[in-house]
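Here is the structure we will look at.
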Ligand SMILES: Cc1cc2nc3c(=O)[nH]c(=O)nc-3n(C[C@H](O)[C@H](O)[C@H](O)COP(=O)(O)O)c2cc1C
């Protein structure tokens with residue numbers, strides 16, 4: 001999936017997400033925030049200037065968010081994003097109310113919308129994680145030109161002796177049966193079993 005497709009699922013189909021910000025003491029704080037728009041330039045959400053959420057964003061303009069959809073764990077997908085945000089003022093506020101008509105029930109009059117401002121998450125990285133299929137599927141993505149830092153397990157071909165130690169402990173079967181073995185990152189749970197089991201220390205975490 002492209003980043004744009006993933007962000008569209010996040011904004012339209014999940015919509016209500018949990019945001020983490022950092023407070024003045026450097027401690028994490030979470031709150032529930034709706035994603036109002038998504039486009040090629042990122043994700044958009046709004047808040048009111050009186051909220052402590054607003055103050056946290058202005059003081060430390062970095063968020064991590066997660067959202068999920070599905071009836072239960074094995075029918076769910078989750079999308080997480082972390083990155084930089086900036087306040088774009090009241091730009092796109094009318095469009096947000098147009099595309100999210102329920103907002104007019106919460107803020108019914110133009111006067112009641114006075115304190116609202118829009119934020120854009122414009123640069124960052126994220127992960128799409130699908131537990132509705134087995135083996136689970138995961139895909140990392142970036143937005144706004146962020147360079148993806150790979151966090152994955154891999155097998156150094158020159159140290160692989162072709163035993164079955166890693167294969168036998170892998171819960172998803174994402175390790176190839178040919179030698180040297182290779183890990184299919186899109187189905188790897190990052191459990192670390194292969195790293196512990198490998199007798200030649202061929203498995204590395206990057
Ligand atoms: C379903 C749902 C969606 C919400 N969406 C937003 C939102 O988009 N923007 C917002 O400022 N608050 C939203 N809220 C309210 C915030 O979660 C709440 O104001 C927040 O916890 C306040 O945080 P603060 O006291 O740290 O400012 C939503 C609440 C719920 C239950």
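Could you tell me whether any residue of the range 192-205 is out of contact with any strand residue (DSSP E or B) (no Cβ under 8 Å at 6 or more places or on another chain), modelled with pLDDT of 95 or more, closer than 22 Å to residue 77 by Cα and surrounded by fewer than 17 Cβ atoms within 10 Å (Cβ to Cβ)? Among the residues of the range 192-205, not one is out of contact with any strand residue (DSSP E or B) (no Cβ under 8 Å at 6 or more places or on another chain), modelled with pLDDT of 95 or more, closer than 22 Å to residue 77 by Cα and surrounded by fewer than 17 Cβ atoms within 10 Å (Cβ to Cβ), which makes the answer no. Taken together, the criteria exclude residue 67 from residues that are in a loop (DSSP other than H, G, I, E, B) and either touching a residue at least 40 places away in the same chain (Cβ under 8 Å) or within 22 Å of residue 112 (Cα to Cα) (or both). Considering only residues in the range 1-54 that are assigned to a helix (DSSP H, G or I), within 8 Å of the ligand (Cβ to nearest atom) and without any contact (Cβ under 8 Å) to a residue 40 or more places away in the chain, the one that is nearest to residue 118 (Cα to Cα) turns out to be 53.
A single entry from 133, 159 fulfils the requirement of being over 30 Å from residue 60 (Cβ atoms), assigned by TED's automatic domain parsing to the domain that holds residue 8 and surrounded by fewer than 17 Cβ atoms within 10 Å (Cβ to Cβ): 133.
Here residue 101 clears all of (1) in contact with a helix residue (DSSP H, G or I) (Cβ under 8 Å, 6 or more places away or on another chain); (2) without any contact (Cβ under 8 Å) to a residue 40 or more places away in the chain except the condition numbered (1). The single condition among (1) buried (at least 16 other Cβ atoms within 10 Å of the Cβ); (2) under 21 Å from residue 143 (Cα atoms) that residue 40 does not meet is (1).
The values are calculated or read from the model by the stated rules, or taken from the named source; none is laboratory data. Note that the structure is predicted; figures quoted are calculated from it, not measured. Glycine also receives a Cβ, built like all others from the backbone with ideal geometry; neighbour counts cover every protein chain displayed.
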